[in-house]
Amino acid sequence: MSEEVRMAISPVNISRISHNLQASLVVNSLQRNQREVFTEQTRIATGREFVTPSEDPVAAGRVLDLTRAMQQQDQFMANLRHADNSLAAADDALTEVNSLLIEAHDIASANISNLTSAAERESAAELIAGIRIQLQSVGNRLFNGRFLFAGRDTTERPFVEALGGIAYVGDTGDLLTRIDRGQDGVINLPGNVLFGALSGRLASNLDLSPSLTPDTRLEDLNGAGGHGIRRGTLVINEINGAGVFQVDLTAADTIGDVADLITAAAAAAGADVTATVSATGLDITPGGGDITVTDTGTGVAAADLGVLTTTPTSTPITGAALAPRLTRLTPVSALAQGGTIDLAGGLVITNGPQTATIDLTDAETVQDIINRINNAGVYALARINDAGTGIDVFNQVSGAAMSISENGGTTAADLGLLTLAPDTPVSSLHGGRGLVLDPAADDLRITAKDGSTFDVNLDGVLTVDEVLTRINDAAVAAGVNVTAALATTGSGLVLSDGTGGAGTLSALSLNSSQAAYALGLTGTAGGTATDLVGDNPNPVKTEGILTALVELEDALRRDDTLGISQAADRLDPFTKDVTRVHGIIGARSQSMRSHLGQMQDAAGAAGVFLSEVQDLDYAEAITRMQSAVTQLQANLRTSSLLLNVSLLDFLQ
C-alpha cells in the first residue's frame, strides 16, 4: 500500500533552486500522476489486473501457461466431441446391420424346409440380394463427408463390387485422435472388422528372413535377445595389452557401422582387435591376447549384438544370430538367408472368375513383389507379416475364392505362397472342414481308364503329401498304373493315368466319406485326356457376413436345401460378432463422453484460476483510481502555488 499513498509532491527542497528546475520537477511529478491515472483507467476498461507483462512478470507467465493449457483443452474437447459423434454414427450403423442380419437369418430359416418351392426360394434370393446391397450401403456410409468404415483412408469408398462379389478396398488400420496429452483414442471401425471383409491370411510357410550384410540397418534387426538393437557404449578390455577402451555406438546406423567403429576404436587405443560382419551376426577377433566385451552401466548394446563376453578369451567371438527382419527394401537376392528364389516362373493368382499371371523376372526388392501382387487386378492384398519373416496375402473379395499356384516354376513355393502345398494340413481343406472320412472303411475309390480300380484308406493323414503317398501306395499295391501329384501349373491334385485305356479316369468317395469332394477330385478325364486335374481344395476365402449372404443367395437360386441350411448356420455367429463389436463401439463412445466431461471440468477449473490471476478486482481498482485522481488534483494545486502560475498558464 506504500506505493498507493506515496507523496504526490517531490520531497526535494525547491525553494532554493532555479525556476526552470522547479518547473521540470513539477512537470515530472504531474506526468507520473497522469500515468498512474491512465494505468488505472486502462485496467478498469480492460478488466485486467495488469496490462503489460512488465507490470507483473510472474503473473504474466502464469497467464501464458494457463492460456496455452486452455487452448489445448479446447482442441482436445473438440476432438472428443468429433470422436463421440463419429462413434455414435457407427453405433447407429451397427444397429442397422444387426437388424438386417436377423432379417436374413429369418429368410434362410423359412426356406430350409423341403416343402419350399424353387420359385419361393428364387423370390427369397432377391430379398437376400437386397439385404446384401443394403449392408454394402451401410459399409459405405458417410459422416461429415468421410467414410465411416474405410479405416484411415476416409476419402475413398471402402466397398466396391468386383469379381462377382464385394471387395473391401479400404484401409485396415485404426483412425486415432488426440484426446489428451500423450493419449490417443480410436474413433472408427475398419470395414474388414465390421463385415469380416478380408480373408484369413495366406501366410508364408517359409522363413524368408534375409541374410545379414554390412548394409543391414540396426533398426531392421531383431537382435540376439529379440529386443532389437539398443545403441550404447561397448567396453572392451584387452588384458595385458592396450587395456580398457570404449566404443560409442550411438551414431551407428548399420551393422557395418558397428564393426567399423569397433575396429577404429581399437586402433586408436593401440589394441589389436578387429570386428567383421558374418552372414548371421557380428564377429570380434582378438589380436592374440585375452579380451572381454561388456556394457557400460545399465547398457545392453553388447547383449543385443550377441557379443557380451565377460570371461577373458583369446579365441574369436562369434556373435549370436541377429535375425534381420524382412522389409520392403530387402533385396530379393538376400531372401531366405541368400537362398535361391525362382523369379522366372512367376505366380498365378486366381480369384473368382479372374486370373492373373504375376511376372517377377525383374523384381529387385520385396516391395517389387508386393506391388506386383497388389496391382494384379485380382484384389489380392500382399504385405509383410508382423514378425517380419514372410509375406502374407489376403483375399479382399467377399464371395470369391482365391488360389495362388505356380506358373511352371517354383516361385510360389519359394516364397511360401502356394495355397496347396505338400505340407498343407488336411484340416484346412474344404473351407476348414477338413477331410470327412469313414473311420471304419476305405474313403476313396479311383477308377483308371482301363477300368481297373483301387481303394484308398485315408485314416490318420495329416498333410496333403501324406494323402498323395496313400494314393500312390494303394495304386502300386493294386497294380494300377495311376499316380497322384500336385499340379505344376494351377493349384490342385492331379491323377495321371498310364494304363493306356480308353475309358474314364475318376475318383469316388466311399461309404460315408466325402474325401473326393474335400480333395477337389470331383471331375473326370475321358477321351484322350490322361490327367484328372482337381479343383483347388484349399482356396483363400473371406469368412464374413457378405460371403455368407452371397452363398445364401446362391444356394436359394440353386434350390439347394443343404447349402441354405449351412448358410443359415453361418449367420448365427456373425450376429453375435456384430453384437460384440456393437458393445466395443458403445464402450468407446462412453469413454469419450466420460473423458469429455472430465476435460470440461478441468477447463472450468483452469478458467477460474486464470480469472484469479489476471481478472481485475473492480472495488480495489476504483479505490486506486480515486486515490490517483486525488493525488493528481493535489499536485496540480500545489504546483500552481509553487510556480505562482496556473497549470494552464504554464502549459500555454
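Regarding the range 134-146, can at least one residue be identified that is over 26 Å from the mean Cα position of the chain (by Cα) and modelled with pLDDT of 85 or more?
Step one: filter the range 134-146 for residues over 26 Å from the mean Cα position of the chain (by Cα), giving 134.
Checking which are modelled with pLDDT of 85 or more leaves us with 134.
Yes, the range 134-146 contains a residue that is over 26 Å from the mean Cα position of the chain (by Cα) and modelled with pLDDT of 85 or more.
Just for the range 279-338: of the residues that are of a type in the set (S, T, N, Q) and touching a helix residue (DSSP H, G or I) at 6+ places or on another chain (Cβ under 9 Å), which one is farthest from Ala413 (Cα to Cα)? Show your work before the answer.
Initial filter on the range 279-338 (of a type in the set (S, T, N, Q)): 280, 285, 292, 294, 296, 298, 309-311, 313-315, 318, 327, 330, 333, 337.
Now restrict to residues that are touching a helix residue (DSSP H, G or I) at 6+ places or on another chain (Cβ under 9 Å): 280, 294, 309, 327, 330.
Details: Thr280: 24, Thr294: 43, Thr309: 41, Thr327: 20, Thr330: 19 Å.
Ranking the candidates gives Thr294 first.
Can you tell me which residue within the range 415-445, out of those that are of a type in the set (Val, Ile, Thr) and under 35 Å from the mean Cα position of the chain (by Cα), is farthest from Leu208 (Cα to Cα)? Full working, then the answer.
Taking the range 415-445 first, the residues of a type in the set (Val, Ile, Thr) are 419, 424, 426, 436.
Okay, now just the ones that are also under 35 Å from the mean Cα position of the chain (by Cα), so 419, 424, 426.
Values: Thr419: 17, Thr424: 18, Val426: 24 Å.
Restricting to residues being of a type in the set (Val, Ile, Thr) and under 35 Å from the mean Cα position of the chain (by Cα), the top hit is Val426.
So, in the range 96-121, how many residues would count as being of a type in the set (S, T, N, Q) and outside any helix (DSSP H, G or I)?
Here is the first cut: in the range 96-121, the residues of a type in the set (S, T, N, Q) are 98-99, 109, 111, 113-114, 116-117.
With the extra rule that they be outside any helix (DSSP H, G or I), the set shrinks to 111, 113-114, 116-117.
Here the count works out to 5.
Can you tell me which residue among Asp450, Asp438 is assigned to a loop (DSSP other than H, G, I, E, B) and either in contact with a Pro (Cβ under 6 Å, 6 or more places away or on another chain) or more than 21 Å from Ser512 (Cα to Cα) (or both)?
On the way: Asp438 fails: either in contact with a Pro (Cβ under 6 Å, 6 or more places away or on another chain) or more than 21 Å from Ser512 (Cα to Cα) (or both).
Within the list Asp450, Asp438, the selection yields Asp450.
Inspect the range 122-133 for any residue being among the charged types (D, E, K, R), over 16 Å from Ala548 (Cβ atoms), at pLDDT 90 or above and in a loop (DSSP other than H, G, I, E, B) and give the result as yes or no.
No, the range 122-133 has no match at all.
Within the range 400-432, count every residue that is crowded, with 23+ Cβ neighbours inside 10 Å, in contact with a Gly (Cβ under 7 Å, 6 or more places away or on another chain) and farther than 30 Å from Gly460 by Cβ.
2
Every residue, every condition in (1) polar (S, T, N, Q); (2) within 30 Å of Gly526 (Cβ to Cβ); (3) touching a residue at least 40 places away in the same chain (Cβ under 8 Å), yes or no:
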| site | (1), (2), (3) |
| --- | --- |
| Ser398 | yes, no, yes |
| Ser405 | yes, yes, yes |
| Pro425 | no, no, no |
| Leu444 | no, yes, yes |
| Ser452 | yes, yes, yes |
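Need pairs with beta-carbon distance below 7 Å; first residue under 30 Å from Asp342 (Cβ atoms) and within the range 473-489, second β-branched (Val, Ile, Thr) and assigned to a helix (DSSP H, G or I); sequence gap 6+ or separate chains.
Listed pairs, sorted by first residue: Ala484/Ile471.
Checking Val97 against (1) of a type in the set (A, V, I, L, M); (2) within 31 Å of the chain's Cα centre (by Cα); (3) more than 30 Å from Ala587 (Cα to Cα): exactly one of these is not met. Which one?
Exception for Val97: condition (3).
Specify which of the listed residues (Arg217, Arg181, Arg201) is of a type in the set (Lys, Arg), at pLDDT below 90 and under 30 Å from Asp414 (Cα atoms).
Arg201
Return the residues of the range 428-459 that are modelled with pLDDT of 90 or more and on the phi > 0 side of the Ramachandran plot; say none if nothing qualifies.
Gly451
Out of all the residues in the range 350-392, which are within 22 Å of Val550 (Cα to Cα), buried (at least 16 other Cβ atoms within 10 Å of the Cβ) and at pLDDT 90 or above? Walk me through how you get there before you give the answer.
Within the range 350-392, the first condition is being within 22 Å of Val550 (Cα to Cα), and the residues that meet it are 350-355, 377-381.
Going one step further and asking which of them are buried (at least 16 other Cβ atoms within 10 Å of the Cβ), we end up with 350-352, 354, 378-381.
Of everything in the range 350-392, those that are within 22 Å of Val550 (Cα to Cα), buried (at least 16 other Cβ atoms within 10 Å of the Cβ) and at pLDDT 90 or above turn out to be Thr350, Asn351, Gln354, Val378, Tyr379, Ala380, Leu381.
Any residue in the range 269-291 that is at pLDDT below 95 sitting within a Cβ distance under 9 Å of a residue that is among the aromatic types (Phe, Trp, Tyr)? List the pairs, counting only those 6 or more apart or interchain.
That search, which allows pairs on different chains as well, returns Ala269/Phe245; Gly270/Phe245; Ala271/Phe245; Val273/Phe245.
May I ask you to verify whether Ser496 is touching a strand residue (DSSP E or B) at 6+ places or on another chain (Cβ under 6 Å), crowded, with 19+ Cβ neighbours inside 10 Å and not in a loop (DSSP other than H, G, I, E, B)?
Numbers: touching a strand residue (DSSP E or B) at 6+ places or on another chain (Cβ under 6 Å): yes; crowded, with 19+ Cβ neighbours inside 10 Å: no; not in a loop (DSSP other than H, G, I, E, B): yes.
Considered against the rule, which asks whether it is touching a strand residue (DSSP E or B) at 6+ places or on another chain (Cβ under 6 Å), crowded, with 19+ Cβ neighbours inside 10 Å and not in a loop (DSSP other than H, G, I, E, B), Ser496 comes out as no.
Filter the range 509-521 for residues that are free of Cβ contacts under 8 Å to residues at least 40 places away in the same chain and surrounded by fewer than 16 Cβ atoms within 10 Å (Cβ to Cβ) and give the result.
Passing the criteria: none in range.
Looking at the range 313-321, is at least one residue at pLDDT below 90 and of a type in the set (Val, Ile, Thr)?
No, the range 313-321 contains no residue that is at pLDDT below 90 and of a type in the set (Val, Ile, Thr).
Go through the residues of the range 479-490 one by one and say whether even a single one is assigned to a helix (DSSP H, G or I) and farther than 30 Å from Leu194 by Cα.
First, pick out the residues of the range 479-490 that are assigned to a helix (DSSP H, G or I): none.
No, because not a single residue in the range 479-490 is assigned to a helix (DSSP H, G or I) and farther than 30 Å from Leu194 by Cα.
Residues that are of a type in the set (Gly, Ala, Ser) and not assigned by TED's automatic domain parsing to the domain that holds Gly460: which strands (runs of 3 or more DSSP E) entirely in the range 368-428 hold 2 or more of them?
Numbers: elements: 380-384, 391-395, 402-407.
It comes to 380-384, 402-407.
Being buried (at least 16 other Cβ atoms within 10 Å of the Cβ), over 40 Å from the mean Cα position of the chain (by Cα) and among the β-branched types (Val, Ile, Thr) narrows it down to one of Thr530, Thr542, Thr547, so name that one. Steps first, please.
Working: Thr542 fails: over 40 Å from the mean Cα position of the chain (by Cα); Thr547 fails: over 40 Å from the mean Cα position of the chain (by Cα).
Of Thr530, Thr542, Thr547, the one residue that is buried (at least 16 other Cβ atoms within 10 Å of the Cβ), over 40 Å from the mean Cα position of the chain (by Cα) and among the β-branched types (Val, Ile, Thr) is Thr530.
Give all pairs with beta carbons closer than 9 Å in which a residue from the range 495-508 that is assigned by TED's automatic domain parsing to the domain that holds Asp465 and at positive phi meets a residue that is part of a loop (DSSP other than H, G, I, E, B) and surrounded by 16 or more Cβ atoms within 10 Å (Cβ to Cβ); count only pairs at least 6 apart in sequence or on separate chains.
Correct list of pairs: Gly500/Lys449; Gly500/Asp450; Gly500/Asn481; Gly500/Thr530.
The values are calculated or read from the model by the stated rules, or taken from the named source; none is laboratory data. Predicted model, so just to flag it, every value in this text is computed and none were measured. Cβ atoms come from the backbone with ideal geometry, glycine included; neighbour counts cover every protein chain shown.
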